[in-house]
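Have a look at the structure below, then the notes.
The values are calculated or read from the model by the stated rules, or taken from the named source; none is laboratory data. The structure presented is a predicted model; accordingly, all values stated were derived computationally and were not measured. So basically every Cβ, Gly included, is an ideal-geometry build from the backbone, and we count neighbours across all protein chains shown. Accessible surface areas use protein heavy atoms only, side chains included; no ligands, DNA or RNA. Shrake-Rupley method; radii C 1.70, N 1.55, O 1.52, S 1.80 Å.
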Amino acid sequence: MKALHRNLLFTMGLMVCLAGSAHAQPDKSRIRVIMFGAHPDDCDEMSSGTAALFVQMGYAVKFVSVTNGDAGHQTMKGKELAKRRYAETQEVAKRLGITYDVLDNHDGLLMPTLEVRLQIIKEIREWNADLVFAPRPNDYHPDHRYTGVLVQDAAYMVAVPNIEPEVPALKKNPVFVYYQDRFQRPNPFRPDIVVDISSTYGKKISALDAHQSQMYEWLPWIGHYSDEVPKSEEDRIKWLTKRTERPITPAMSASLEKWYGKERANKVQYVEAFEICEYGAQPKDDDIKILFPMLGK
């Protein structure tokens, strides 16, 4: 009963905050974060540095792969590959201190169907998410695009009681944000929130390293750079660290300065950037500072 009471108080506090109150102070340890990717390594690539910061600050974080990854390899396939990729996600969960779910949809065949939309709604509701991450629905890979569409389609429905009624609807609408991407049409990515992950970049590399089938086998093969992959574990970590580095664009620098101040922004080495989705709760700057308490620190 006490736990239920605390949950109720937090939910009410967050709702008031996202409505614009400057006085609401929700308990940070109760805010819950869920991150969606199309494949078992996608969340790790786009947001694991930020996830590690959330975990350090007491947040409950879950990664969800919308497909089981059973097509992403040059020699393995089907159930054998899906089993291996699932094991890799669970190793990531240990390394980051998160929960990692993998939905049983085929890699490369994802469609934005009602069935999968209901799976997404269930995941968000069961996690009681306050903050939801997903790809934008414009990307080179159809699984990525459709994951973005599916999460968008779930954004309103998570609060509608008569949709998937066996899982209680959320009493609030979460804030939805997009991962960074490079695509310009129909509109370019906008870095509304840029998180300094310099202190957790090592954890991000560790998470990616757990996806051995992808980082050192499939992606180098399909990208035609297999001959670059080092043999030793130590050299692989150095190589992966270098290969994962991304430039900080002028727009991202401006956002960093907004959230951290000019002096701190000039010292940042590694970042992850996010765009606020037009669906879901629409946060003000003060709300963002509550949902992303690492900003400015």
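What share of Cα pairs, in percent, lie more than 15 angstrom apart in region 187-246? Before the final figure, lay out the partial values.
Numbers: 1001 of 1770 pairs.
Of all Cα-Cα distances in region 187-246, 57 percent exceed 15 Å.
Once phi is turned into θ = phi - 60°, what whole-Hz ³J(HN,Hα) does the Karplus curve with 6.51, -1.76 and 1.60 give for every residue of region 96-113, x standing for Gly and Pro?
9, x, 10, 9, 10, 9, 10, 7, 8, 10, 5, 5, x, 10, 5, 10, x, 8
So who's got an amide H within less than 5 Å of the one on F133, skipping anything under 5 residues away but keeping other chains? H placed 1.01 Å off N, in plane.
Close amide H contacts, sequence-distant or interchain: I34, M35, F36, V177.
Please report the equivalent ellipsoid semi-axes of region 20-134, computed as sqrt(5 x eigenvalue) of the Cα gyration tensor, largest first, in whole Å.
On the way: eigenvalues 160, 56, 19 Å².
They are 28, 17, 10 Å, listed from largest to smallest.
Helix-only mean residue ellipticity at 222 nm, the chain, DSSP H runs n ≥ 4 weighted -39,500 (n - 2.57), per residue, nearest 500. What is it? Don't jump to the answer; show the numbers that get you there.
On the way: 11 runs with 129 residues, N = 297.
For the chain, the value works out to -13500 deg cm²/dmol.
Counting residues in region 79-154 as N, plug N into 2.2 N^0.38 Å and put the Cα Rg over that result.
On the way: Rg = 13.2 Å, N = 76, 2.2 N^0.38 = 11.4 Å.
Dividing the Cα radius of gyration by 2.2 N^0.38 Å gives 1.16.
Need one number: the % of Cα-Cα pairs in the chain sitting beyond the 25 Å mark.
Summing the P(r) of the chain above 25 Å gives 48 percent of all pairs.
Using a Gaussian network model on the chain with a 10 Å cutoff between Cα atoms, which of T75, T50, T147 fluctuates the most?
The residue that fluctuates most here is T75.
With label points built 7 Å along Cα→Cβ from the Cα atoms of K94 and E166, find their separation and express it in nm.
It works out to 3.3 nm between the two label points.
Show me, bin by bin at 5 Å from 0, the whole-percent P(r) of region 119-236 based on Cα pairs.
2, 9, 14, 14, 16, 17, 13, 8, 4, 2, 1
In this model, which of K258/K284; K203/K284; K203/K297; K172/K289 are farther than 20 Å apart at the alpha-carbon? Write out the running numbers ahead of the final one.
Working: K258/K284 14 Å; K203/K284 30 Å; K203/K297 18 Å; K172/K289 18 Å.
Listed pairs above 20 Å: K203/K284.
What list of ³J(HN,Hα) couplings, whole Hz, do you get for region 53-70 from phi and the Karplus terms 6.51, -1.76, 1.60, once you set θ to phi - 60° and write x for glycine and proline?
Coupling constants for region 53-70: 5, 4, 4, 4, 9, x, 7, 8, 10, 10, 9, 10, 8, 6, 10, 8, x, 7 Hz.
Rg and Dmax of region 208-297, using alpha carbons, in Å: what are they?
17.8, 48
Among bridges DSSP assigns within the chain, what percent are antiparallel (round to 5)?
Numbers: 8 of 25 bridges.
The antiparallel fraction comes to roughly 30 percent.
Among the aspartates and glutamates, which fall within straight-line cross-link reach of K267, defined as a Cα-Cα distance under 12 Å, with same-chain neighbours fewer than 8 residues apart omitted?
D196, E257
Solvent-accessible area per residue for the chain at a 1.4 Å probe radius, Å²? Don't skip to the answer; put the middle values down first.
Working: 14500 Å² over 297 residues.
On a per-residue basis, the chain sits at 49 Å².
Looking at the chain as a GNM with Cα springs under 10 Å, which of K267, K203, K83 has the largest mean-square fluctuation?
K267
Please build a GNM for the chain, connecting alpha carbons under 10 Å apart, and tell me which residue among E45, E126, E91 fluctuates the most.
Looking only at E45, E126, E91, the biggest GNM fluctuation is shown by E126.
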